[in-house]
Amino acid sequence: MVKAGQTDPPVDTVDEATAEASIEAKNIGEKIRRLRLKRSMGLVELGQQVGLSASFLSQLETGRVVPTLRNLARIALVFKKDFSYFLSEETDAVFRVSRAKDRIRLPVGEKADPFLLSESMSVLIPDRNVVPCIAHFLPGVEGGAFHPPPSPGLELVYVMQGPLVLWTESRTEVLQTEDSVWIDRNTKRLYRCHEDKPARALIITFALQS
């Protein structure tokens, strides 16, 4: 209680910089961007669903603007996320190790004479829409070639040891060590050894969500 003749005690106001830092710590824009890319959705498409312009969404993802609660709720509904998802802090940094000695190599082809050993690295990425593996292509097997089934998505291939042949209906490429390819998974294709030489490649498949 303030007695007569005394001035009111000073009121502490919230520092604006502290408030801004609190908002930035939520990484709202980055969370929206990750959800959008996971759905292979463009800014225009997302904007049409939530009633916002692609320009505004771009500024939102880069942290130049802060969304209203109403707009954030709309975005949450599009991605089937609880509203609180965007306001929770990310405290757990991802750090996973896949030791070479612990990985299992699965043979592809005849059990006694495989043409491929597939070394899964899925332990690194629990998201089943992204599947990384190391493929060891073994020479000397008649007709031995890897035919990935066509499916929606994309595939990244990085040749760790070449040469490796990539065949499609429209072209054939001989990939050398450290060459890489980014290819549509709907493309009919096959991978095989070149001139009876072993090859090894890191293959990462990215499935598209419906």
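Tally time: how many residues in segment 129-157 are touching a helix residue (DSSP H, G or I) at 6+ places or on another chain (Cβ under 8 Å) and more than 20 Å from Ile183 (Cβ to Cβ)?
Looking only at that region, the number is 0.
Scan segment 113-147 residue by residue and report those that are in a loop (DSSP other than H, G, I, E, B) and charged (D, E, K, R).
Matches in segment 113-147: Asp113, Asp127, Arg128, Glu142.
Scan segment 28-43 residue by residue and report those that are hydrophobic (A, V, I, L, M, F, W, C) and either assigned to a helix (DSSP H, G or I) or exposed (fewer than 15 other Cβ atoms within 10 Å of the Cβ) (or both).
Listed by number, the residues that qualify are Ile28, Ile32, Leu35, Leu37, Leu43.
Conditions (1) of a type in the set (Phe, Trp, Tyr); (2) surrounded by fewer than 16 Cβ atoms within 10 Å (Cβ to Cβ); (3) farther than 30 Å from Val50 by Cα; (4) in contact with a Cys (Cβ under 8 Å, 6 or more places away or on another chain), marked per residue:
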residue	(1), (2), (3), (4)
Lys81	no, yes, no, no
Leu87	no, yes, no, no
Val97	no, yes, yes, no
Ala100	no, yes, yes, no
Gly109	no, no, yes, no
Ser118	no, no, yes, yes
Cys133	no, no, yes, no
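Of the residues that sit in segment 157-193 and are within 25 Å of Ser40 (Cβ to Cβ), among the basic types (Lys, Arg) and crowded, with 17+ Cβ neighbours inside 10 Å, which one is nearest to the chain's Cα centre (by Cα)?
It comes out as Arg185.
Confirm whether Glu142 is modelled with pLDDT under 95 and either in contact with a strand residue (DSSP E or B) (Cβ under 6 Å, 6 or more places away or on another chain) or among the aromatic types (Phe, Trp, Tyr) (or both).
The answer is no for Glu142.
Any residue in segment 182-193 that is closer than 17 Å to Phe206 by Cβ sitting within a Cβ distance under 6 Å of a residue that is outside any strand (DSSP E or B) and modelled with pLDDT under 95? List the pairs, counting only those 6 or more apart or interchain.
Matching pairs, first to second residue: Arg185/Ser151; Asn186/Pro150.
If you go through segment 103-117, how many residues are modelled with pLDDT of 90 or more, of a type outside the set (A, V, I, L, M) and closer than 16 Å to Ala201 by Cα?
Here the count works out to 3.
The values are calculated or read from the model by the stated rules, or taken from the named source; none is laboratory data. These numbers come from a predicted model, not from an experiment. Note that we place each Cβ from the backbone using ideal geometry, even for glycine, and neighbour counts take in every protein chain shown.
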